[in-house]
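Chemist: Before I ask anything, here is the structure I am working with.
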Amino acid sequence: MIDFMGISILLGTFAVLMALRVPIAFSLGISSVCTALYLNIPLLFVAQKMVNGLNSFTFLAVPFFILAGQIMTEAGISERLVRFADTLVGRIRGGIAQVNILTSMLFGGISGSSVADVASVGSFLIPGMVRRGYSPGFSTAVTVTSSVQGVLIPPSQNMIYYALAAGGLPISKLFLAGYIPGVMIGLSMMVLCFIIAIVQKHPRGERHSFKEALKITGEASIGLFTIVIIIGGIVAGIFTATESAAVAATYALFVGFFIYRTMTAKKALVVLRGSLETLAMVIAIIMTSSAFGFLLSFLKVPVVLSEAIFAISSDPIIVLLCINILLLFLGMLMDMGILILILTPILLPVAVSIGVDPIHFGMIMLINLGMGLITPPVGTSLIVGCTIAKISVESSLKNLLPFYVLMIVILSMVTYFPQTSLFLPQLLG
């Protein structure tokens, strides 16, 4: 028998605390404790569930990926990637917008974070685009929408969260599954920007000499080798995801100190402090969301949700449409990582019941929630981009709309054509 009172206490308390702007980790923890008291579940058992949420070797990859991303940002890799992208596509009409998208594609594969992409790349590309005559709204729209590639193109911290929440899926398969959807988003946006550039007569970029291009490519390739270490090591079976993250962080530190020589002891302390602050927040959220997820399962919320969806239709096309709408709506209201940890145990069984591969469903979830990062009212990446551009969120929406429609099209393709995400994992075994 389903305890609707328990469900109401769990979700109602959480909603009220979120509305009162209580930090998300505390909201999850307090609502879990209140529900456990109502259900007469010993609080020690809830504490054990919280600790078990961190009891995973795979989770150790998270702090190393966070550290590697912070180091590469402080070491100036993003600036070198911008110059590298400029040598490739800068001469195209609307070249700096193309550079913006290509840089996000490259940097996303290192930082693994949409917000990190916007904060790092956008801090000098948005002002640079404005100086060359692009509107602040268009500059922001290009930067924040292209940053969604960062949650799909490996390494992605959010993929690790999904692997944990799904019960331990292979990280290597998830990483490979993200490449085609991520590149599809990037290439389609480049085409859209080219069309807009012709219509609005955007300028071309500067031409680089062969000698300059060679030098820029050499500098950027040193940083890009981080991707080879992570992805190549995992796919070839040399490293686990955790080991590759540790090696990548060590390599990034070596590059910053001894090759680029942009890393100093002072910057290293800034990196460590920033990484620890981020990691502390992540640990708190994962622990409390583990307890919250256990109570969701205990109260049979996945059963209630699946019955509600199947009451609408049992057709897989309609079921996936309902899931997409739900994810897009929730992505507008809450942070991506939290939603992955909470919703995966609820929605994954529904998806699997209609024949959806868990790896494929992971890509569907990541794209949906990645779009939430650029959608008001919460839209973290959008807020960061608008802050850099010094414009209001409302003024960016008109320019954001064409890119958003394009992402809906890509989402539909990934949802209903599973091979867009499963081709590479199946090809490489």
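Chemist: By its C-alpha gyration tensor, with a ≥ b ≥ c as the square roots of the eigenvalues, how is segment 145-269 shaped: rounded for a/c under 1.5, else prolate for a/b larger than b/c, else oblate?
Modeler: Oblate, because a/c is 1.5 or more while a/b does not exceed b/c.
Chemist: What is the magnitude of the charge dipole of the chain about its Cα centre, with +1 placed on the Cβ of each Lys and Arg, -1 on the Cβ of each Asp and Glu, and no other charges, expressed in debye to the nearest 20?
Modeler: 1260
Chemist: Oh, and also: Mind checking Rg over Rh on segment 270-396, alpha carbons, Kirkwood formula for Rh?
Modeler: Computed over Cα atoms, the ratio is 1.04.
Chemist: Take segment 1-68, drop everything but the C-alpha atoms, weight them equally and run the Debye formula without solvent; then report log10 I(q)/I(0) at 0.14, 0.16, 0.18 Å⁻¹ to two decimals.
Modeler: Here log10 of I(q) over I(0) equals -0.57, -0.69, -0.80.
Chemist: Suppose R0 equals 30 Å. What FRET efficiency, 1/(1 + (r/R0)^6) with r the Cβ-Cβ distance, do residue 273 and residue 43 give to the nearest 0.05?
Modeler: Numbers: r = 33 Å, r/R0 = 1.10.
My answer for the efficiency is 0.35.
Chemist: Moving on. Would you mind getting the accessible area per residue of the chain, heavy atoms of the protein chains only, 1.4 Å probe, in Å²?
Modeler: 42
Chemist: Taking every Cα atom in segment 357-426, find the radius of gyration and the maximum pairwise distance Dmax, and write them in Å.
Modeler: 14.6, 45
Chemist: In nm, to one decimal, how far is the modelled label at residue 326 from the one at residue 313, with both set 7 Å along Cα→Cβ?
Modeler: Inter-label distance under the simple model: 1.6 nm.
Chemist: With only alpha-carbon atoms in the gyration tensor, what are the semi-axes of the equivalent ellipsoid for segment 107-171, in Å, largest first?
Modeler: Semi-axis lengths for segment 107-171 are 30, 9, 7 Å.
Chemist: Moving on. Please work out whether segment 1-128 counts as rounded, prolate or oblate from its C-alpha gyration tensor, where a ≥ b ≥ c are the square roots of the eigenvalues and a/c under 1.5 means rounded, while otherwise a/b larger than b/c means prolate and anything else oblate?
Modeler: Judged from the Cα gyration tensor, segment 1-128 comes out prolate (a/c at least 1.5, a/b above b/c).
Chemist: How high is the relative contact order of segment 87-195, given as a whole-number percent (alpha carbon pairs under 8 Å, six or more residues apart)? Please report the intermediate quantities before stating the final value.
Modeler: On the way: 144 pairs, mean separation 35.9, N = 109.
The value is 33 percent.
Chemist: Starting from the 7 Å offset along Cα-to-Cβ, what nm value, one decimal, do you get for the label separation of residue 221 and residue 187?
Modeler: About 2.4 nm separates the two model spin labels.
Chemist: Would you give the gap between the C-alpha center of segment 341-368 and the C-alpha center of segment 189-237, rounded to a whole Å?
Modeler: Cα centroid of segment 341-368 versus Cα centroid of segment 189-237: 32 Å apart.
Chemist: Moving on to the next point. Take the Cα radius of gyration of the chain and divide it by 2.2 N^0.38 Å, with N its residue count; two decimals is plenty.
Modeler: Working: Rg = 21.7 Å, N = 429, 2.2 N^0.38 = 22.0 Å.
Cα-based Rg divided by the globular estimate yields 0.98.
Chemist: Per-residue counts of other Cβ atoms within 10 Å, averaged by peptide: what ranking do you get for 241-250, 347-356, highest first?
Modeler: On the way: 241-250: 22.5, 347-356: 17.4.
Highest to lowest by the protection proxy: 241-250, 347-356.
Chemist: Let me ask something else about it. Computed from the mean reciprocal separation of all distinct C-alpha pairs, what Kirkwood hydrodynamic radius does segment 179-232 have, in Å?
Modeler: 14.1
Chemist: I'd like to know which of 10, 316, 287 lies farthest towards the positive end of the charge dipole of the chain, counting +1 on Cβ of Lys and Arg and -1 on Cβ of Asp and Glu.
Modeler: My answer, from the dipole projection, is 287.
Chemist: Still on this structure: Leaving ligands, DNA and RNA out of it, rank 260, 416 by accessible area with a 1.4 Å probe, largest first.
Modeler: Accessible-area ranking of 260, 416, largest first: 416, 260.
Chemist: Which whole-number percent of Cα pairs in segment 111-216 have a distance greater than 25 Å?
Modeler: The calculated P(r) of segment 111-216 puts 37 percent of pairs beyond 25 Å.
Chemist: Can you pull the accessible area of residue 357 for me, 1.4 Å probe, Å² to the nearest 10?
Modeler: 60
Chemist: Relative to the first principal axis of the alpha-carbon coordinates of the chain, what is the inclination of helix 136-146, with its axis defined by its Cα atoms, in degrees from 0 to 90 and to the nearest 10?
Modeler: 60
Chemist: Just list whichever of 215/266; 211/266; 49/173; 49/266; 201/398 have alpha carbons separated by over 30 Å in the model shown. Don't skip to the answer; put the middle values down first.
Modeler: Values: 215/266 28 Å; 211/266 34 Å; 49/173 27 Å; 49/266 39 Å; 201/398 18 Å.
Correct reply: 211/266; 49/266.
The values are calculated or read from the model by the stated rules, or taken from the named source; none is laboratory data. Quick caveat, the model's predicted, so the values are computed rather than measured. Quick reminder, even Gly has a Cβ in these numbers, built from the backbone with ideal geometry, and neighbours come from all protein chains shown. The area values use the complete protein model at the heavy-atom level, side chains included, leaving out ligands, DNA and RNA. Shrake-Rupley method; radii C 1.70, N 1.55, O 1.52, S 1.80 Å.
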